[in-house]
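Everything on this sheet refers to the single structure shown next.
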Amino acid sequence: MVAPPYGARGGTTERGGDETRWLPRERRAFGLGGAFPEVNVVQFPCGMGWCERNDAVGCREGEGEAAPGCLEMGFETLSETAARRAFDEETTTREYEGFLKHVRLCARRAEGSVESDEDWRSMCARVGGLEKSERVRRVRNIGADALEAALVAGEGEPVVVEDGGKDWETWTLEKFKSEIGSFFVSVNDRAPARRSDVPKQRTHQLRFDSFVDYVASRDGSLEDLEFDEKRVPFYANGMRVFSDRTFGEKMSRAFPRPRFTETCDHTETIIQELMKQLGANAETTRNVEVNVSKSLDKLFCGPKGTITRLHYDAQDAHGWLGQAVGWKLFVLYPPSAGRLLHPIEESHASVDPLNPSECDSFPSPRRATPRVCVLGPGEVLVNPRGWWHYAVSLTSSVTVMRNFYHANTNAAALVGMVLDSARKAQVGELRRHETVPRNVC
């Protein structure tokens, strides 16, 4: 194994990440020694910490004697230890504090008591900064033509399809744990990440079953509106488990794409036509079609209080988000309201829709009317391209999500994305054939 040249590495995940990124997976990848500081995984240069067998278990199971200097733990154990320390740290974020203010306001409106889950959920959508909001239209048995009209007319219109997940299997959080527990996942204290974040987003990696144990530990009592005010929850956002070789087929069978998207999700057809124009053979076309399309299917999981900050989906993509487990509050704004939301870093906005006090600092959002909905299990929100959206889990939550492309609205963005990926892959292939100097200690 020869390491790519500096600047062509930068891998961050073992599974589900961009396959053009590189990770040192074997001891010989380090050559004569040295590490790769731009590769964000635990590394053991110059033999330090390595066991002779150098397998995933390492010496932690007590099999045989540890090599001199062995850390007596494998990569997964080391990563999980670091993650659990982070989970216990007393740190918070501006967005989480804003959500807690919203929770307290709900509690005051309820005069200190909430009679049922439904009271709490509905109240979350109509107090504080959301008092003047409009409700997202809710439908059942929507036809493909009606959904397409909601996407393409003007700016489009978000829609909640109450029976959107009717073909999905019923999985609990424990079911997810048992089915995909060994999936190695990245978890963050804020999402999506922003270059301007101070402090920066904290990211850790651990097995999904260990993360589910953490999620369960933060459940608390919903009726008492109990939240950990000292520790921001970590969020497994954008898990690409659908494209994982081990779990992908199982997940796709359990959570198929909603039928109502069949005639407006043209993603795979657009890719086929593009590859035909490029003169690609059938095998290459199929590989690109499957890999790109699968990469647009994602899973999100976290305890109550996990937040997706206000943004719109990049690459001009439409999207749908469906609840597999738990309840989630969504706040949306049309594309035309973007200038009122203090946009930053292309597709992000600095406004927190739930924090009433922030409106004093950013008065212009008061002129933008939010659309609000609370999704429960089996319900699917269709979010047209360019629509700003914010989400927060009101309970422990698992969300299935897909970005997709439509021939008459955003096909050009998908074509550009595929061509750009092909160009980067070609550059990476050329660099792999360059002479690479060995690292030294």
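The values are calculated or read from the model by the stated rules, or taken from the named source; none is laboratory data. The structure displayed is predicted, hence computed values, not measured ones. Reconstructed Cβ throughout: ideal geometry from the backbone, glycine too, with neighbour counts over all protein chains shown.
Condition first: part of a loop (DSSP other than H, G, I, E, B), surrounded by fewer than 14 Cβ atoms within 10 Å (Cβ to Cβ) and at pLDDT below 75. Can you find one or more residues in the range 8-23 that meet it?
yes
Are any residues in the range 166-184 buried (at least 22 other Cβ atoms within 10 Å of the Cβ) and not in a helix (DSSP H, G or I), and if so, which ones?
Within the range 166-184, just Phe183 meets the criteria.
Is it true that Ser347 is closer than 30 Å to Tyr214 by Cβ and in contact with a Gly (Cβ under 6 Å, 6 or more places away or on another chain)?
Spelling it out, it is not the case that Ser347 is closer than 30 Å to Tyr214 by Cβ and in contact with a Gly (Cβ under 6 Å, 6 or more places away or on another chain).
Picking from Ser350, Ser357, Ser396, Ser364, which residue would you name as being at pLDDT below 95 and in contact with a Pro (Cβ under 6 Å, 6 or more places away or on another chain)?
Answer to the check: Ser396.
Here's a check for you: in the range 280-324, which residue that is of a type in the set (A, V, I, L, M, F, W, C) and in contact with a Ser or Thr (Cβ under 6 Å, 6 or more places away or on another chain) is farthest from Pro256 (Cα to Cα)?
My answer is Ala314.
Checking the conditions here, which among Asp352, Asp316, Asp265 is within 23 Å of Leu394 (Cα to Cα) and assigned to a loop (DSSP other than H, G, I, E, B)?
Asp352
Out of the residues in the range 245-284 meeting the condition of being farther than 14 Å from Asp167 by Cα and of a type in the set (S, T, N, Q), tell me which one is modelled with the lowest pLDDT.
Thr263
From Gly319, Gly326, Gly305, which residue is modelled with pLDDT of 90 or more, over 24 Å from Thr93 (Cα atoms) and surrounded by 19 or more Cβ atoms within 10 Å (Cβ to Cβ)?
Within the list Gly319, Gly326, Gly305, the selection yields Gly319.
Looking at the range 128-146 only, could you name the residues that are of a type in the set (Lys, Arg), part of a strand (DSSP E or B) and without any contact (Cβ under 8 Å) to a residue 40 or more places away in the chain?
Arg137 - this is the single residue of the range 128-146 that is of a type in the set (Lys, Arg), part of a strand (DSSP E or B) and without any contact (Cβ under 8 Å) to a residue 40 or more places away in the chain.
Mind checking which pairs have a first residue in the range 169-181 that is within 14 Å of Phe255 (Cα to Cα) and in contact (Cβ under 8 Å) with a residue 24 or more places away in the chain and a second that is among the acidic types (Asp, Glu) and in a loop (DSSP other than H, G, I, E, B), Cβ under 9 Å, 6 or more apart or different chains?
Ile180/Asp244
Name, by its number, the condition in (1) assigned to a strand (DSSP E or B); (2) at pLDDT below 90 that does not hold for Val187.
In the conditions (1) assigned to a strand (DSSP E or B); (2) at pLDDT below 90, Val187 misses (2) alone.
In this structure, does Thr267 turn out to be without any contact (Cβ under 8 Å) to a residue 40 or more places away in the chain, β-branched (Val, Ile, Thr) and at negative phi?
No.
Name every residue in the range 274-299 that is of a type outside the set (A, V, I, L, M), part of a helix (DSSP H, G or I) and over 12 Å from Leu414 (Cα atoms), in order of residue number.
Answer for the range 274-299, where residues must be of a type outside the set (A, V, I, L, M), part of a helix (DSSP H, G or I) and over 12 Å from Leu414 (Cα atoms): Lys276, Gln277, Glu283, Thr284, Thr285, Arg286, Asn287, Asn291, Lys294, Ser295.
When only residues in the range 194-207 that are under 17 Å from Phe234 (Cα atoms) and in contact with a strand residue (DSSP E or B) (Cβ under 8 Å, 6 or more places away or on another chain) count, which is surrounded by the most Cβ atoms within 10 Å (Cβ to Cβ)?
Leu206
Quick check: anything in the range 236-245 free of Cβ contacts under 8 Å to residues at least 40 places away in the same chain, closer than 20 Å to Met417 by Cα and in contact with a helix residue (DSSP H, G or I) (Cβ under 6 Å, 6 or more places away or on another chain)?
For the range 236-245, residues free of Cβ contacts under 8 Å to residues at least 40 places away in the same chain, closer than 20 Å to Met417 by Cα and in contact with a helix residue (DSSP H, G or I) (Cβ under 6 Å, 6 or more places away or on another chain): absent.
Given the condition farther than 23 Å from Gly302 by Cβ and part of a helix (DSSP H, G or I), answer yes or no: does some residue in the range 393-412 qualify?
For the range 393-412, residues farther than 23 Å from Gly302 by Cβ and part of a helix (DSSP H, G or I): present.
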